[in-house]
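Chemist: If you scroll down you'll find the structure; I have some questions about it.
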Amino acid sequence: MKKIIITFLLSAGLLVSCTELEVTPESFVTEDNYFNTQDDAVASVTAVYASLSLDPGEQSLFGRNLYFLTDMASDYAAAGVSATNPQVRALSSLTHDATSDRVQVAWRQIYAGINRANVSIDNIPKVSGSEVIKTRLINEAKFIRGLLYFQAVRLWGGVPIVLHEATSINLGDLKTNRSTADEVYAQIIKDLTDAESLPATYSAADAGRATSGAAKAILAKVYITRKDWPNTILKAREVINGGYGYALFEDFQDIFTKTKKNGKEHIFSVQFEPNQAGNGSSGSTFQATSFTGFTATEPADIISDVALFYDIYAAGDKRRDVSYAKQLLNPTTGTLYTFPKPIFKKYLDLTNLATPSNVAINFPVIRYADILLTLAEAINEQSGPTAEAYELINQVRRRAFGKAITTPDVTVDLVALNQASFRAAIQEERKKEFVQEGQRWFDLVRWGTLVTEVKKVTAKNSVSERNNLYPIPQSERNINPDGLPQNPGY
Amino acid sequence: MKKISNIYILLFLLLLTTGIQAQNTTPLIQSKLDGTVVDDITNQPIIGASVTIKGTTHGVITDAEGKFYFQTGQKFPYTLIVSYIGYKKTEFIVEKNPVIINLREERQELDELVVVGYGTQKRKDITGSVASVPKANLSQVTSSADNLLRGAVAGVVVTQSSGRPGASSSVRIRGGNSITAGNEPLYVVDGILIYNDNANSSAGVTYAGASVNVLSTINPADIESIEVLKDASATAIYGSRGANGVVIITTKKGTKGQDNISYQGYFGFQNISKKLKLMNASEWASLRNDVQASIGQAPSFTDAQIEAFKTSGNYDWQSAAFRTAAPVQSHNLSFSGGDERSRYSVSAGYFDQEGIVLGSDFKRISLRANYERNYSQNFKFGVNANYTYSLANGVGTAGSGRTPNPLVAAVLTAPVVPIKNEDGSYNVTNNPYATSVNGYVPNPINDLENTTNETNLNRILTSLFGEYKITKKLTAKVAVSGDVLNTKQNYYAPSNTTTGAGTKGLASVGDRLVGSVLNENTVNYNTNFGESHKFSALGGYTLQYTKGEVVNAGANTFVNDANTYNALQDGVAVKPYSEAYESVLKSWLARVNYSYKGKYNFTLSGRADGSSRFGAESLWGYFPSAGFSWNITDEEFANNIKGVTEAKLRITAGTTGNQEIGNYLSLASMGSVNYSFGGTLYTGIAPTRLANPDLKWEKTTQYNVGLDLSLLDRKINFVFDVYYKKTNDLLISVPVPLSSGYATVLQNIGGVENKGFEVGLTTENLKTENFAWNSNIVFSLNRNKVTEIGNGVNEFFPVVPNGSLLQQQPVIVKVGLPLGTFWGYKTNGIFQTQEEVNTQPKINSLANTKVGDRRYVDTNGDGVITALDKGNLGTSQPKFVGSFSNTVSYGDFDLNFSFQGSYGAKIFNALNQQLEISTLGTNAAATLNDRWTPTNPSNEIPRATSSPLGIVSERYVEDASFLRLKLITLGYTLPKSVSKKLGTKSVKVYVSAENLITWTKYTGYDPEVSSYEQNNLYPGIDFGSYPNSKTFISGLNVTF
């Protein structure tokens, strides 16, 4: 009997003391066991870049959500019948309000990227490894942070400036009030100026990382938005003459050809790769995703007015048929299909129509043609159409018509314009050049022509001066109503 | 079988003889007594009952016909003591020969022993709210144990997610307490604590669809009894797992004195109980023409073609998706018995059900051995071992917003498209209304038939225990148990199926292994202080360790479809996935009962739980409760109340917790994302969650007042309970400023309230010698309300994981409203004139509103229909539910029938919404035949358009009230003389029908539905769930 009792008690004691309540996760890293090595630092900056192209469970920032605000809401694009989200339709007709989920998601994705950049900038100094690499990584994070604040300040005006990672869940610590637009621009210039010390080029394996040329190019865009012509000219010339080797592609189509990624014209692009090794929704999701096949069903993304935006291209302007498709070859039937209305085509991979939302075409955030037109515009604003300004715009035009880029060509070259008509020419050129490249909205706001231009499209006649800024998301104001006053008109 | 039974009968007779021989004493005076012992309700003889003459040691045991015989020296009248397990011990005064002695089943008595947490208690002494599932409910045809709770116990609402074999259910005891964490009760199976998380039956395989019910690994035929613990006094002993209620399942054990072989089996078939009314080819062609016209396109069909479709070229895709007379069968064989020192029960079961939808089925093999032995006077040990293997083939998902699964895709396929080619193969190339991918068009019937979607479950549930009586008053018990659940999922979509076409074949396999070890050590102390004071105490320490591992992998782009999922290496690999998690729960538990003269009973119980799931600052939670009950009829003043046999008042209060909040949530996590440089994808690591060291359990405080009343010599038994539950510290993803880089943080901040009452009424309506009729009525009413969401937020829209529903936001969580509240527009007819279009409020996001479009009510009167005009359209939680079950026996026949009903719940019929959206390519509901046209100015159905916008309106939030003849069974037990000739102890045959009649206004397949399974945020959405079936079976129960 004693034996039984002993066995009995032993088995009772067996499991009592062997386990602790603190368990360590094995399938994810926590911040406590991160930021030790240079590889940790590299991966954290990779995640900063990924905030531009990937948000599991949601369409990505540069792949889709910015498009609604910077293109679909502008004059040339609209929501088609296949756009099922009423909030998207509201943006298209400019009847959106502060509860718009697309405005909110863009805000969220921009700040998620800023937070990742902050995490990298705050923590990389403490990892072991090469100081050169660490400085480069921090400057890459600053480039992305500057780029994201530049999007934010143009969409909403003075936004909250957050420069360090969140560490507590205390609501007071997580709230940040709006700053002025000037303060935001000062921060952007600071970050991008730091990023100017990035390398000019990378090895082929690192192609797509931010370069000093990219930092200077974005700075030029920042200055032109601020109407700071001397600095715009300074930075644009540095991009052109800085020995970076940037040039226009001879063929306009090459900008959107997956085999020509990160080519000579691409200064900074958001990198898209199709589903590789199960990498969820990393694909570009422009027009491509709303490609509804060879049917009459209207896609989600459509051209708003064929006469105003498709028929305007002069004969021989190759940009029309790269930007739009009136007809496409149906690979299943082998016949040419004619769409009721031209569809967007820049991001449509004709070799992969089966899964159109998974294309490998990059999104060009800034390309060399933009710098040429930016410099031409700034020179014209500062001192009228100089010979340099003519040459800059004409290079872009010659390429559009498939002419030799640096050889003057009377059939396409612009001549004999005054400052105002040169300005109008620049504006017309940008409209044709940057379809679906996230430029149109910001250009119209910058030129102060948003209301007049958008009103020309009947379905968009709700546009008003309030639209020069988007509303601060209502959900954000619910939590911090005093610190986040709403933009006028919402 | 025959051979076995003969041997067995021989053995049995041998035993009987020895039994009788052993009882032979030498009487002084020879007198005889012949008697029979029968059940007082069923009049069935009781075999093996012990009959003893009071005051002597002379006793006998009844034979196979319930008969016994005495030769004794006693003179009439003398007293017999008759006892049998499960029946009340009865003293009977014999005055003449022969006698018939009625034994009453203990179940109806307050003296009955009730299984409670970590022990048993006399029903009379219990203070808490504990209900038992009636025996009749345990014999239903079902694949899972939780379905046995349906309609059985007041306060328990069981909602099956679909009619698929092996489908999961959600079980809510007294309403849902939690918003985001688990709401399922804790199951205690032979002492093993199990949380029924159906995620455990998923290994994360893409497109696998609805999960398999984990409780299907317990064979319902093995279940002896089920008790439901509802209030805090009963559940606080389970601490941080008690808040959602506790279901204690006890499997069949052997009984002393008789060895039985018993076979239970049935065979039956199932049919779809209802089909949806869809358009035929002719109607659809005319609809398509109207849609074409609405976008300025030429018609697709001529009038002659439309007319011709009436006679040929119509294809019924819906019917093609269903099987007719899908078979179901079940066989169980068990051996049970015992002697003075050991008791055993060994059983094997086989269950095989084909689903009513093509390609779906469920098979299970289950083995069980329960054994218990008295090693010595003071030491007892035992083992309960269970192994189950099941294989479920399910309907996968199709992965698009409009068609979440092939069943919906079938319903939506244009009826002019042929299902099969002329050679009998499936038509996967010819559908001009669908987009062709790599040369294949979707054929949902082909998808159902030819997609492999298996879930294999292997589960071992084993517990060992030893119990040692240290002194007469003090007992110690140690139990160690293990629960191992392995899930293997296999998926393959051939290259001509919808999911496989894009990638030229799609294969995926996954494996999940969850193991849990539980050690429980308890000490029991029982004593009396004098006659009046009864005292007992329980103390214990328990430890549970759980570890889970998941791995899955997949491949696509196969050369052909020959090797499917078993040769991933032949395709192009997709990124694999693996995950591991562990959790530890340490607990101290205690319970003290004190009873004064059996009149006043007090219970104090509680548990301290330390859980690895909680944050570092709050590792331990404490859960106390107190209960008091008063047996009023034991008071002298109550002796003379006529008709009242027993009356008892119960009052309890206590706090319990919910630790089903997931693992590791208190830690700051970082997750991986990808970005490509130079065309190669690299892994990036980014923060995904902020740390919350204060994260802890959800806390429920519950108050309960109950009254148990037995009237007219227990012919009427009444149990009434009123409760109020307040749950605080609910885990909510609280919105924080997005400018922080985070959208939400997890905090214990929310609140939910449940209150309600329950009535259980069992009555003995009629009883004569041959005829008996008993009824059981269960009624419960629960009101649920969200009281807090946190950070000043008043409402949020849960994200429904479906492209179309995600944007529509059909469900709201709003302070002051119940969970599962539907939120949308009220409809207001149809725009009949252009003037109405010009002047009446229109939806702002819909440009170009035309005559014939639907109008909505402008509730805020601002002249435009915006999200602000949406309002409460009702909740998926019923106002009340009830059931009415009857057992009628007449001679050898018995009839069981039960009705179940639910009133006031709503279902968002997302499938019907999709069917009423006219598009160019998909079939539509027949209701669209009455669509608005200039010549048919319908005020209910809008014009045909090509606009795929779904809008949540009251039209699609339907009344899901129903009354259902859930089960009707007619049984016949062969007379003893006949069954004896057959070499058996008893033989029963029966026929039964399930879901025979349902009265409901719901237009979908079935009002008992929840497409998103156990989810508490968006229950009650019907998006093409697997429909319920009508089942007819015939069965046989034999005991040898």
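No value in this document is a laboratory result; all are computed from the given coordinates. If you're wondering where the values come from, they're calculated on a predicted model, not measured in any experiment. Positions of Cβ are backbone-derived with ideal geometry, glycine not excepted, and every protein chain shown enters the neighbour counts.
Chemist: Under 5 Å between amide hydrogens, which residues at least 5 positions from B:VAL572 or on another chain qualify, with H placed 1.01 Å from N in the peptide plane?
Modeler: For B:VAL572, whose amide H was placed from the backbone, the distant partners under 5 Å are B:ASN556, B:THR557.
Chemist: For chain A, return all DSSP H helices satisfying: extent of Cα atoms along own axis at least 15 Å; mean Kyte-Doolittle hydropathy at least -1.0.
Modeler: Helices meeting the span and hydropathy rule in chain A are A:2-14, A:38-50, A:101-123, A:131-156, A:181-195, A:212-225, A:229-241, A:368-383, A:387-400.
Chemist: List the residues, sorted by chain then number, that are 5 or more residues from B:ASN563 or on another chain and whose placed amide H is less than 5 Å from its amide H.
Modeler: Here nothing satisfies the definition.
Chemist: Which ordering of B:ASP862, B:ASP352 is given by a fewest-first count of other beta-carbon atoms within 10 Å? It would help to have the intermediate numbers written out before the result.
Modeler: Details: B:ASP862 11, B:ASP352 17.
Going from least to most buried by this count: B:ASP862, B:ASP352.
Chemist: Also, quick follow-up: Can you tell me the orientation of helix B:281-294 relative to chain B, as the angle in degrees between its alpha-carbon axis and the longest Cα principal axis, to the nearest 10?
Modeler: 50 degrees
Chemist: Shifting gears a bit: Just want the ordering: A:ILE255, A:ILE233, from fewest to most Cβ atoms lying within 10 Å of their own Cβ.
Modeler: A:ILE233, A:ILE255
Chemist: Please list the non-local residues whose amide H lies under 5 Å from the amide H of A:SER269, H modeled 1.01 Å from N, same-chain partners needing a gap of 5 or more.
Modeler: Here A:VAL365 satisfy the definition.
Chemist: Could you run the Karplus curve 6.51 cos²θ - 1.76 cosθ + 1.60 with θ = phi - 60° over the range B:531-543 and give me ³J(HN,Hα) per residue in whole Hz, x for Gly and Pro?
Modeler: 6, 9, 10, 10, 9, 9, 9, 10, x, x, 10, 10, 9
Chemist: What is the average number of partner chain Cβ atoms found within 10 Å of a Cβ in B:457-469?
Modeler: 1
Chemist: If you stretched the chain out fully between B:ALA298 and B:ILE100, how much longer would it get, using 0.36 nm times the residue separation minus the C-alpha to C-alpha distance?
Modeler: Stretched out fully, the B:ALA298 to B:ILE100 stretch lengthens by 62.5 nm.
Chemist: A follow-up question, please. May I ask you to list the GluC sites (Glu not before Pro) in the range A:13-108 that are in a DSSP loop and have at most 16 other Cβ atoms within 10 Å of their Cβ?
Modeler: Details: sites: A:GLU20, A:GLU22, A:GLU26, A:GLU31, A:GLU58; in loops: A:GLU20, A:GLU22, A:GLU26.
Taking the range A:13-108 and a limit of 16 other Cβ atoms within 10 Å, the loop GluC sites (Glu not before Pro) found are A:GLU20, A:GLU22, A:GLU26.
Chemist: Would you work out if the range B:113-259 is rounded, prolate or oblate? Take a ≥ b ≥ c from the square roots of the eigenvalues of the alpha-carbon gyration tensor; rounded if a/c is under 1.5, else prolate when a/b is larger than b/c, oblate otherwise.
Modeler: It is oblate, given that a/c is not under 1.5 and a/b is not larger than b/c.
Chemist: Further question: With labels modelled as points extended 7 Å from the Cα through the Cβ direction, what inter-label distance (nm, one decimal) is found for A:LEU308 paired with B:TYR703?
Modeler: Result for the modelled spin labels: 6.6 nm.
Chemist: Among B:GLY790, B:VAL574, B:GLY466, pick out the residue whose Cα is farthest towards the positive end of the charge dipole of chain B, where Lys and Arg carry +1 and Asp and Glu carry -1 on C-beta, about the Cα centre.
Modeler: B:GLY466
Chemist: Given axes a ≥ b ≥ c from the Cα gyration tensor, I'd like to know whether the range A:164-233 is rounded (a/c under 1.5), prolate (a/b larger than b/c) or oblate.
Modeler: Oblate.
Chemist: Then there's this: If you take the charge dipole of the range B:277-430 about its Cα centre, with +1 on Lys and Arg Cβ and -1 on Asp and Glu Cβ, which of B:LEU412, B:THR302, B:SER345 is farthest toward its positive end?
Modeler: Result: B:SER345, furthest along the dipole toward the positive end.
Chemist: With unit charges on the beta carbons (Lys and Arg positive, Asp and Glu negative) and the dipole taken about the Cα centre of the range B:113-259, which residue among B:LEU186, B:GLY242, B:SER129 sits farthest to the positive side?
Modeler: Final value for the positive-end residue is B:SER129.
Chemist: Pop the C-beta distance of B:LYS879 and B:GLU579 into the FRET formula with R0 = 45 Å and round what comes out to the nearest 0.05. Walk me through the numbers before you get to the answer.
Modeler: Details: r = 42 Å, r/R0 = 0.92.
Efficiency for this residue pair is about 0.60.
Chemist: So, one more: Relative to the first principal axis of the alpha-carbon coordinates of chain B, what is the inclination of helix B:2-23, with its axis defined by its Cα atoms, in degrees from 0 to 90 and to the nearest 10?
Modeler: Roughly 30 degrees, rounded to the nearest 10.
Chemist: Just counting partner chain Cβ atoms within 10 Å, what average do the residues of peptide B:685-695 show around their Cβ?
Modeler: Average neighbour count from other chains, rounded to a whole number: 6.
Chemist: Another question, if that's okay. Using the 10 angstrom Cβ neighbour count as an exposure proxy, how do A:LYS221, B:LYS850, B:LYS981, B:LYS785 rank, fewest first?
Modeler: Sorted ascending by nearby Cβ count, the order is B:LYS981, B:LYS850, B:LYS785, A:LYS221.
Chemist: Can I ask one more? I'd like the mean, over residues of A:49-59, of how many other protein chain beta carbons sit within 10 Å of each residue's own Cβ.
Modeler: 4
Chemist: Just report the Cα centroid separation between the range A:87-105 and the range A:428-448, whole Å.
Modeler: 20 Å
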